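Some notes on the structure that comes next.
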Amino acid sequence: MNVRKIGIVLATFLIVFTLLNQLRPLEAFVKRVKGSGEAHERVRHAETKPARMGEDAREPVAETEQERKWLQIIREEAARRSIPPVDARIDPVWKAIPGYNGKEVDIAKSFALTRERGSLHLVFRETEPRVQLEDLGPQPIYKGNPDKPMVSLMINVAWGNEHIPSMLRTLDEAGVKATFFFDGSWLRKNLDIAREIANHGHELSNHAYSHKNMSQLAAAQATEEIVKTQKLLEEELKVRNTLFAPPSGDYSEETVRIAHRLGLKTVLWTLDTVDWKHPPPESIVRKIAARVEPGSLILMHPTDSASRALPGMIAEIRRKGLTLGTVSELLSSKRVEPGPRTDG
């Protein structure tokens, strides 16, 4: 190899060596930047990642000693406080009995809230029964679930208007919502009064049209009695009602089936004030005090006796730790908490 070729080879080698030395810092810089970006991405994902869950995907995994203690307490409380739901059923005496929701601790939500607030907090959820009232088919209903600490006032209106204002005042003052079942012929003549009842927040329902004994009617006549009142409720009062109270409590199995086909539950009563006989108001109050129980449906009318007895009735019901709600609220499976008992 001559001197010229050796010089060219050496010059090329020096150039390549120099370039390589210049690229190493750049490569290291790129790696540092890339590594920093990857680390930042890992932190970002760690901040937004939900709590790690256990194998059943329902309970979070405690990651500190304090969290493990909280989770253990929550699990113990969940086992202690669980109340199973009660299925709807058909009773040989009381016919259809609604179901009642159970209650359990939501372990995941309780743990999340406890960890967030730094102290023990329990979150509950309701559990629905396997069999609901709707699953029982066409059956009459005389009472709510006996485990539900609620009572309903069902006020059947087919005659008389003079005592409705005083009853509404009493209900307003007590913060009670009742269910009014309207006879259709009365309703057609008294739509303004019915609207006033609705404006007070009460439930409006169907009491047939002309107060006939439903068991004595042909199917077409019974259907017409229910449908005429239902149309008044829907067209004049914009009410989509789901309840039917047969006049005088008179019905047949066919009556119940007709109401069921029309989307209505047939509702009777547990306790009757018999206020249409105009007994002393004190006797009505004593009757309610002695016999009312969870799930009671109490039948009333807008009479003088009922109007004067109403404050005492409400007081006696609440004295037993029972709340008052509409018939629909009573028949639902939703839980209610008992009120404070004041009867000693």
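Below is a table of values for the structure above.
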item	result
Flag if P140 is touching a Phe, Trp or Tyr at 6+ places or on another chain (Cβ under 9 Å) and either among the small types (G, A, S) or under 24 Å from A259 (Cα atoms) (or both)	yes
Candidates V336, V327 - the one that is of a type in the set (A, V, I, L, M), under 29 Å from R125 (Cβ atoms), in contact with a Ser or Thr (Cβ under 8 Å, 6 or more places away or on another chain) and surrounded by fewer than 19 Cβ atoms within 10 Å (Cβ to Cβ)	V336
Candidate set: region 180-205, residues that are more than 23 Å from L297 (Cα to Cα) and in contact (Cβ under 8 Å) with a residue 40 or more places away in the chain; chosen: the one least open to solvent (accessible area, probe 1.4 Å)	L191
Residue check for R318: without any contact (Cβ under 8 Å) to a residue 40 or more places away in the chain and within 23 Å of the chain's Cα centre (by Cα)	yes
Region 170-179, residues that are under 23 Å from T266 (Cα atoms) and open to solvent by 20 Å² or more (accessible area, probe 1.4 Å)	K177
Qualifying residue in region 146-163 (condition: open to solvent by 40 Å² or more (accessible area, probe 1.4 Å), touching a strand residue (DSSP E or B) at 6+ places or on another chain (Cβ under 6 Å), assigned to a loop (DSSP other than H, G, I, E, B) and not small (G, A, S))	yes
Counted residues, region 306-336 - those being polar (S, T, N, Q), within 13 Å of L171 (Cβ to Cβ) and part of a loop (DSSP other than H, G, I, E, B)	1
Verdict on M167 being among the hydrophobic types (A, V, I, L, M, F, W, C), closer than 24 Å to R319 by Cβ and open to solvent by 10 Å² or more (accessible area, probe 1.4 Å)	no
Complete set of residues in region 78-91 that are open to solvent by 40 Å² or more (accessible area, probe 1.4 Å) and not β-branched (V, I, T)	A79, R80, R81, S82, P84, P85, D87, R89
Of residues in region 58-68 being more than 15 Å from E116 (Cα to Cα) and open to solvent by 70 Å² or more (accessible area, probe 1.4 Å), the one modelled with the lowest pLDDT	R58
Looking only at region 94-139, and only at residues there that are in a loop (DSSP other than H, G, I, E, B) and free of Cβ contacts under 8 Å to residues at least 12 places away in the same chain, the one that is surrounded by the most Cβ atoms within 10 Å (Cβ to Cβ)	H121
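The values are calculated or read from the model by the stated rules, or taken from the named source; none is laboratory data. Everything numeric here is computed off the predicted structure, so don't read it as measured data. When we count neighbours, we look across all protein chains shown, and the Cβ atoms used for this are built from the backbone with ideal geometry, even at glycine. Just the protein is used for accessible areas: all its heavy atoms, side chains included, with ligands, DNA and RNA removed. Shrake-Rupley method; radii C 1.70, N 1.55, O 1.52, S 1.80 Å.
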